[in-house]
Amino acid sequence: MQTGLLHLHNLLRWIILILLVLSIVKSFSGWRGKKAFSPGDAKLWLFTMISAHITLLIGLFQLLAGRFGILTTQLPEGVSVMKDKFFRFYWVEHPFGMIVAIVFITLGRGMAKKPVSDETKYRKAFVFFLIALVFILASVPWPFREIIGRPLLP
């Protein structure tokens, strides 16, 4: 089960990245093209938020009870979480960065429900989604990162 959830978490990363890039492109083109806000945009933003929240729930389970979870792993004797690069990343940096990114995705999605002009919706959503993308890209354990790197696909 642990391996399956880890693989699902890894695959959902790609779904979020694709949906987030699409949301950024659509919100930017809507903002700059002064387009009318469409239900299709709202649905795309909703799917982006839903996939991010599902991935968050799986990630929180992995953080607590996964193979290297807080409840299932003991740190080596004399090792501090903040001094160990592996545990600092997976127990502090990765969860914090992803939670912040999901907050920005949720704020961007919330713009679809605000009674403001379409240009404002698109502009604010663009900014929120772009900030979320930066946090996600900084918090993913890419393969080129030593000690913490994971493969691109499970």
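Rule-based calculations on the coordinates, nothing more; no lab input. All of these numbers come straight from a predicted model, not from anything done at the bench. Glycine gets a Cβ as well: all are built from the backbone with ideal geometry, and neighbour counts include every protein chain shown.
Here are the numbers for the structure shown:
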{"read-out": "Degrees between helix 39-65 axis and first principal axis of the chain (Cα, 0 to 90, nearest 10)", "value": "10 degrees"}
{"read-out": "Computed [θ] at 222 nm, helices only, for the chain once each DSSP H run of length n ≥ 4 contributes -39500 (n - 2.57)", "value": "-22500 deg cm²/dmol"}
{"read-out": "Centroid-to-centroid separation of region 12-28 and region 36-68 [C-alpha atoms, Å]", "value": "11 Å"}
{"read-out": "Nonlocal Lys pairs with alpha-carbon distance under 27 Å, the chain (8 or more apart, or different chains)", "value": "24"}
{"read-out": "On Cα atoms only, tilt of 118-139 relative to the major axis of the chain in degrees", "value": "20 degrees"}
{"read-out": "Under DSSP loop assignment and at most 13 Cβ neighbours within 10 Å, longest trypsin sites (Lys or Arg not before Pro)-free interval of the chain", "value": "84-144"}
{"read-out": "Entry for P(r) over Cα pairs in 10 Å bins from 0, in percent (calculated from the structure that is shown) out of [x] 11, 37, 28, 16, 7, 1; [y] 10, 40, 36, 12, 1; [z] 9, 27, 26, 19, 13, 5, 1", "value": "[x]"}
{"read-out": "Region 70-154: GluC sites (Glu not before Pro) in DSSP coil with no more than 11 other Cβ atoms inside 10 Å", "value": "Glu77, Glu146"}
{"read-out": "Proxy reagent accessibility, fewest Cβ within 10 Å first, across Met111, Met1", "value": "Met1, Met111"}
